[in-house]
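Visitor: Encoded as C-alpha cells, here's the structure I'll be asking about.
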Amino acid sequence: MTSALISDFGQILLFLVGATVLISVVLGISALLRVKNPNEEKLTTYESGEDPQGNANVQFTMRFYVVALVFVLFEVELLFIFPWSVVFGNRELIAATGGWWGWFAMAEMTVFVLILIVGLAYAWKKGYLDWVLPRVPVLSVRSPVPMEMYEQFNDRQKEKKPAGREQDD
C-alpha cells in the first residue's frame, strides 16, 4: 500500500490557497503600478462605445429577461434531446420489446417538444418576443472637453475607416 503525503482534498486545498495568493499578489502589484489620474470624462459610464443615456437606476425592460429565458429554455431542450437519443436509441431494448420501446421514446419526446412549442407560441402571441426599445430621456452632461474636439476625433476616425466599411455607419 502506498501512502500519499497529501490527500486528494489536501491537493485541492493547496491549489485554492495558491490561486488565492497568486491573484492577490497580481492585483496588489497592479494597484501599486497603475496611474491614478481620474477626471470627469474617465469616470463616466461606458456602454459599448455609446454615450450613456438616462439614469443608471432605471429599471430595464422585462423583454430582455423573457428573451433570455426563451433562449435558456431551448438550450435546456438540447441538453435533454442528446442523452435521450443515446438511451432510447438502444437497439437491444427496441428488439426486446418488439419495437414498442422506440415508439414510446418517440411519443415521449414528441410530447416534450410540443410543450415547448406551445410555450413559445404563447410568448409570441402575447408579444413578449417583440423587440421594442424603451424611450430614454437624454440628459446633458457638462464635460471639460469642448465639443469641437469630439467632432475632430470622429472625423479622423472616419478617415481611418477601411474601405468597404461605409455601410456600417
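Where a number appears in this text, it was derived from the coordinates with a stated rule and is not lab data. Everything numeric here is computed off the predicted structure, so don't read it as measured data. Heads up, the Cβs are rebuilt from the backbone with ideal geometry, glycines too, and the neighbour counts pull from every protein chain shown.
Visitor: Ranking request for peptides 15-22, 100-107: highest mean number of other beta-carbon atoms within 10 Å first, then the rest in descending order.
Guide: In decreasing order of mean packing, 15-22, 100-107 become 100-107, 15-22.
Visitor: Can you tell me the Rg and Dmax of the range 62-126, counting just the alpha carbons, in angstroms?
Guide: When restricted to the Cα atoms of the range 62-126, Rg and Dmax are 15.5, 50 Å.
Visitor: Quick one: net charge of Ala105's neighbours, Cβ under 15 Å, K/R +1, D/E -1?
Guide: After counting each charged neighbour, the total is -1.
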